[in-house]
1. Give me P(r) over segment 104-329, computed from all C-alpha to C-alpha distances, binned every 10 Å, as integer percentages.
2. Roughly speaking, what is the centre-to-centre gap between segment 392-420 and segment 13-46 when only Cα atoms are used, to the nearest Å?
3. Would you mind checking the tilt of helix 439-449 against the longest principal axis of the Cα atoms of the chain, expressed as 0 to 90 degrees and rounded to 10?
4. Share of antiparallel DSSP beta bridges in segment 3-100, in percent to the nearest 5?
5. Hey, got a sec? Which trypsin sites (Lys or Arg not before Pro) in segment 229-298 land in a DSSP loop and have at most 11 other Cβ atoms within 10 Å?
6. Based on the Cβ-Cβ distance of TYR252 and ASN156, what FRET efficiency does E = 1/(1 + (r/R0)^6) give at R0 = 45 Å, to the nearest 0.05?
7. Find me the longest stretch of the chain that has none of the exposed chymotrypsin sites (Phe, Trp or Tyr not before Pro), where exposed means in a DSSP loop (not H, G, I, E or B) with at most 15 other Cβ atoms within 10 Å.
8. Taking a temperature of 10 °C and a viscosity of 1.306 mPa s, what whole-number D in µm²/s does Stokes-Einstein yield for segment 399-483 with Rh from Kirkwood over alpha carbon pairs?
Amino acid sequence: MKLKDLLAGIENFKIRGDQELEISSVENNSQKVKSGSLFVAIKGFDFDGHQFVEEAIKNGAVALMLDISADLKSIKLPKDMTVILSADTRVDLAKVACNFYHHPSRYFKLIGVTGTKGKTTTTYMIKSILEKAGHKVGLIGTIANYIGEDQISESNRTTPESLELQKLFYQMAKEKVEYVVMEVSSQSLKLHRVDGSDFDMAVFTNFSKDHISLKEHSDMEDYFNSKLKLFQMCPKGFANSDDFKCERLMYYAKNCDIKTYSVDNGSNLIAKDITITNASVDFKVKLGQKNERVKVNIPGRYSVYNALAAISVAVSIGVDAEKIKEGLLEIVIPGRNELIPNEQELTIMIDYAHTAESLENVLTSIKAYTMGRIICVFGCGGDRDKTKRPEMGEVAGRLADFSIVTTDNPRTEKPEDIIQDIEEGIAKTKGNYKIVVDRKEAIAEAIKMATKRDIVILAGKGHEKYQEINGVKHEFDERKIVKEILKSK
């Protein structure tokens, strides 16, 4: 593709060089650059792509897109190098990516799901229902990226960078996918990763405190406004009217036709007569002219909300009640209320709960049906919102019968420092707890304590199969670890 075609729709840029250049690929990672590439330098939180411009040139870049605010005097540029000076390379990378991959999201229906919690579960539910209705579905999210049942790539983040995202869309369009369901994080909206994507529908699951840090959002206002952007990008939406931010969302997204769902408040779709057991939840909901009984094999009140969101999308598409019920009944989501089968008949659950509210939801849910004790193993991620650490400690101390405070993904922080922050909260309660810094040892300690009447919940890591320490992801699959511990017990 010619460079001038890649720059279509971009405003306020300056260029030195040949716009007729033929560009073979677009890259924002200098190591992936090859002969004929356009290299786009992004200023990230940890690295500045402008530091790698010379490496990109060495690897074969024929054109560069640099931020107009970058210190170009420190970069050795060949005199014949084509250089585009951009007002914002993040914004323009998204536009270039859409152009390079021929705006692939125009060739299928794109459904975006945002919210503090429930994004992953809701996307899986929507995918399951649509597939039951005979549609070919792509999924992009926290766990992995799929076309139908085939995993096409693993996920490094909830929502990919714009270049990777448009490439995934292109692959899905080539495979004749009819619907793509994706998790849309607040970060991706703030950092323009989904710019240029043609969303047909958006879902708002809920809003609570999370992602407040130097590398994420400065405050709750910034966090909410980032999520709001999704509904300003599409014509149709669905929102949880039991959430306190729903009314504000609808006010500021006036051009989006938003329908609501709920358990408590009035809405377009209401769940009634809810029954929660230790293995499932079922409820009544009006589908068409009939009240239907819907069952989901994921316990907890929050599963009702996620199911209502998925049902709202399915009904708008025209999926019949039986296919909706089948899709929800058969749903399985890795790392969400995931039970680990074992010959010793111990109840060991893995869940991604990594905020105070999500941990409270899980613990409250299992407390309602557990005959014995709740033994909770948890930690908090490093380089993230520090204020949620004592909050999670307080929740665990209040609701679990015994807590083992340990390491999650410490990233660049010392695990002991994170644990100390958690302990401030848990110490305020009368809850029993101990500290075991090594997470594998903490899991072993919990299993050693447990009887058949108890439930051990390993909270925080969910689907993740790694532990991130000082920028390195070490293999850490809790399913394998549990089986190893039980085998040696």
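1. In whole percents, the pair-distance histogram is 8, 36, 37, 18, 1.
2. 43 Å
3. The helix 439-449 is inclined about 10 degrees to the chain.
4. DSSP beta bridges in segment 3-100 are roughly 25 percent antiparallel.
5. Here the sparse-neighbourhood loop sites are LYS254.
6. Using R0 = 45 Å, I get an efficiency of 0.90.
7. 48-243
8. Once the numbers are plugged in, D ends up at 115 µm²/s.
Where a number appears in this text, it was derived from the coordinates with a stated rule and is not lab data. Keep in mind it's a predicted model, so treat the numbers as computed, not measured. Glycine also receives a Cβ, built like all others from the backbone with ideal geometry; neighbour counts cover every protein chain displayed.
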